[in-house]
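Note sheet for the following structure.
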Amino acid sequence: MDVRWLGHSTVLLELDGVRVLTDPLLRRRVVHLRRSGLVPSVDGAIDAVLISHGHHDHLDLPSLRKLPSSVPVIAPRGLGQLVRDQGFRDVREVLAGDEIELGAVSLQVTHAAHDDRRAGSTARAAPVGYALLGSSRGFFAGDTDLFPGLERLVTDLDLALLPIWGWGPSLGTGHLDPARAAEAVAMLQPRVAVPIHWGTFRPLHLRARAPFLRDPVDTFVAAARERAPDVEVRVLAPGESLRLSA
């Protein structure tokens, strides 16, 4: 399994010849947020785009339009028309519990505990995560808080991609902070945990070296070491990659 974190919740995953892109956010500025660092690019063919929920920093329509309209887009039920309106021809709406075959990989749609609204739209869709199961087993949690059953959600994981913060100095409800993210690591017990959803975007009025761009990941690493000492935590900078053997 090859993992490349592009910042925020955007991850390029390759497993058994299948390449998927999660929550593509490929711009320097989104609404009132500015990216810290370079704008990422996506090279090579993509077999599917996975959308976790409808918030603008996860379902960013201008970023989607940077991708070929022939790419299949998998999104929570209720967001399909927004994606089709961007010209995408293969849009599959899903609910937690659904399963899709992508080549040699089984894609399982999982529950997520997060807000289902989209600002400026009447669209509502239950947020989801995704498990990619093949010769290795990976889990992209989307954006979520802890919830009952998380420890049984996906078993025998090689990789868990877990949100640990957001884009500002504080968090609203429905998010994992570093301590709760470490608890999620202890519940899921993956072989490797990679923190995402941190250190990428900041509000326009805040400086580029604001503490919340770095402090959460340091806190998470320390908390995960205490709560789940057998799990390896790998911290990637935006654009960095990781290869996991089966």
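So here's what we get for this one:
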| item | result |
| --- | --- |
| Descending principal axes extents, the chain, alpha-carbon based, whole Å | 47, 45, 33 |
| Principal axis box of the range 37-85, alpha-carbon based, largest edge first, Å | 31, 25, 17 |
| Accessible-area composition of the range 99-213, carbon plus sulfur, in percent [1.4 Å probe] | 52 |
| Inter-probe distance in nm under a simple model that places probes 7 Å from Cα toward Cβ, at Arg225 and Leu38 | 3.0 |
| Relative contact order for the range 175-246, counting Cα pairs under 8 Å that sit 6 or more residues apart, in percent | 47 |
| Interchain or long-range residues, amide H under 5 Å from Phe201's placed H | Ser36 |
| More than 19 angstrom apart: percent of Cα pairs within the range 53-117 | 35 |
| Förster-model FRET efficiency, 25 Å R0, Asp90 and Ala123, C-beta, rounded to 0.05 | 0.80 |
| Options Leu107, His175, Leu25, ranked by Cα towards positive dipole end of the chain, top entry (Cβ charges) | Leu25 |
| Inter-probe distance in nm under a simple model that places probes 7 Å from Cα toward Cβ, at Leu204 and Ser241 | 3.6 |
| Helix-derived mean residue ellipticity, 222 nm - over the chain, DSSP H n ≥ 4, -39500 (n - 2.57), to 500 | -3500 deg cm²/dmol |
| Convex hull volume of the range 97-179 per residue (C-alpha atoms, cubic angstrom) | 124 |
| Inter-probe distance in nm under a simple model that places probes 7 Å from Cα toward Cβ, at Phe147 and Arg214 | 3.5 |
| For the range 42-47, 3J(HN,Hα) per residue [Karplus equation, 6.51 cos²θ - 1.76 cosθ + 1.60, θ = phi - 60°, Hz, x = Gly/Pro] | 10, 9, x, 6, 10, 8 |
| 5 angstrom amide H check on Val73, placed H, neighbours 5+ away | Val49, Asp90, Val91, Arg92 |
| Sequence-distant residues sharing a close amide H with Thr110 (under 5 Å, placed H) | Gly97, Gly129, Tyr130, Ala131 |
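The values are calculated or read from the model by the stated rules, or taken from the named source; none is laboratory data. Since the structure is predicted, the reported quantities are computational estimates derived from the model, not experimental observations. Virtual Cβ from ideal backbone geometry, glycine too; neighbours counted across all protein chains shown. With ligands, DNA and RNA removed, areas are computed over all heavy atoms of the protein, side chains included. Shrake-Rupley method; radii C 1.70, N 1.55, O 1.52, S 1.80 Å.
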